[in-house]
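The values are calculated or read from the model by the stated rules, or taken from the named source; none is laboratory data. From a predicted model like this one, the values you see are computed outputs, not experimental measurements. Methodologically, a virtual Cβ is constructed for each residue, glycine included, from the backbone with ideal geometry; neighbour enumeration extends over all protein chains shown.
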Amino acid sequence: MRVSYCAGYVAPLPEGHIFPMKKFSGLYNHLLSKNILKITDIVEPGLAEFSSLQTVHSSRYSVAVWDGSLSKKEIRRMGLPWTKGLAIRSRLAVQGTINAGIMALQDGISGNLAGGTHHAMPDHGEGFCVYNDVAIAIRMLKQAMWVQKVLVIDCDVHQGNGTAEIFKNDNDVFTFSMHGEKNYPFVKPPSTLDVGLPDGTSDTEYLLTLEESLNQIFSNFEPDLIFYLAGIDPLETDHFGRLSLSMDGLKDREHFVIETITRKEIPLVLLLSGGYAPTLQETVEAHAVMFEAAKEYSKHYFH
């Protein structure tokens, strides 16, 4: 299974910042040390072109992120202090998701050891999201006629407001978000299908709801490609999550989603999205669950 990653995914942040920036390199090292990935599986992205960014974002915003001309209000809304390193990582991660989309179409399953930045809007970033990598990758692949219909399965605990807004008038892109109903963002533009869960939702209810939702989607929509945003923030231990998924529940979720899609032989892109576990190591181990599951199923269904 090929994945996108490079050292530039880690940008400097002030000491004590809540965003776990080092999870990207931590996950990379963890997956290699556990033999879930080999070094030959790693494909290093270059910087996404401005023309790619501008399939979704305004040219003003695309360039302002790069040259540092964002206003203080825009930087505050983004939640991450501007540095050139952040601008570089944002373009690298977008290209990583574009590349992962192409690799999934070639191999059946692929991933980006970053991505899923679903809060970014056409003219601003928010919620630790600078550019909307998923939306850009979908637009690029559609323009190139590689795909026509795309499904976004977003299991981050926060609704995918940017993705929902960007594709609100595109019937070929099905946006599905299953999230905490009372959690951020407080204004939620409608996805094609939104499922808002009450605070404290635990494993059984969570997994049953997900299964019902996917059955409903697949009975009406046949995608050429699926992007799976596997946020680990529904975990009970998450700083921001407010749901009560256990680690076993998370494992069951990843196995269920990946097995369902690989059985249908629909190409699948795996993306991290959010996760704010008590420690960096717990964050890394939770993100790794998806890649462990993917390795298992990709052997069965795509070879």
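Table for the structure above
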{"read-out": "Residue match in segment 140-148 (condition: within 21 Å of residue 172 (Cβ to Cβ), aromatic (Phe, Trp, Tyr) and over 15 Å from the mean Cα position of the chain (by Cα))", "value": "yes"}
{"read-out": "Unique residue being within 26 Å of residue 242 (Cα to Cα), without any contact (Cβ under 8 Å) to a residue 60 or more places away in the chain, touching a Gly at 6+ places or on another chain (Cβ under 9 Å) and among the acidic types (Asp, Glu) when the list is 126, 165", "value": "126"}
{"read-out": "Scan of segment 17-35 for residues that are in a loop (DSSP other than H, G, I, E, B), in contact (Cβ under 8 Å) with a residue 12 or more places away in the chain and within 15 Å of residue 293 (Cα to Cα), ordered by number", "value": "34"}
{"read-out": "Single residue of segment 83-114 satisfying the filter (of a type in the set (S, T, N, Q) and crowded, with 20+ Cβ neighbours inside 10 Å) that is farthest from residue 48 (Cα to Cα)", "value": "110"}
{"read-out": "All positions within segment 251-281 that are assigned to a helix (DSSP H, G or I) and out of contact with any helix residue (DSSP H, G or I) (no Cβ under 7 Å at 6 or more places or on another chain)", "value": "257, 261, 281"}
{"read-out": "Cβ-Cβ under 7 Å pairs, at least 6 apart or on other chains, segment 104-117 side in a loop (DSSP other than H, G, I, E, B), far side hydrophobic (A, V, I, L, M, F, W, C) and at pLDDT below 95", "value": "108/302"}
{"read-out": "Every residue from segment 1-16 that is in contact (Cβ under 8 Å) with a residue 40 or more places away in the chain, closer than 15 Å to residue 80 by Cβ and part of a loop (DSSP other than H, G, I, E, B)", "value": "10, 11, 12, 13, 14"}
{"read-out": "Segment 82-97 residues that are over 17 Å from residue 111 (Cα atoms), paired with ones that are of a type in the set (D, E, K, R) and assigned to a helix (DSSP H, G or I) (beta carbon under 9 Å, 6 or more apart)", "value": "82/74; 87/67"}
{"read-out": "Matching residues in segment 99-157 - criterion: being polar (S, T, N, Q) and farther than 17 Å from residue 290 by Cα", "value": "99, 106, 117, 132, 143, 148"}
{"read-out": "Qualifying residue in segment 36-53 (condition: aliphatic (A, V, I, L, M), in contact (Cβ under 8 Å) with a residue 60 or more places away in the chain, closer than 22 Å to residue 255 by Cα and assigned to a loop (DSSP other than H, G, I, E, B))", "value": "yes"}
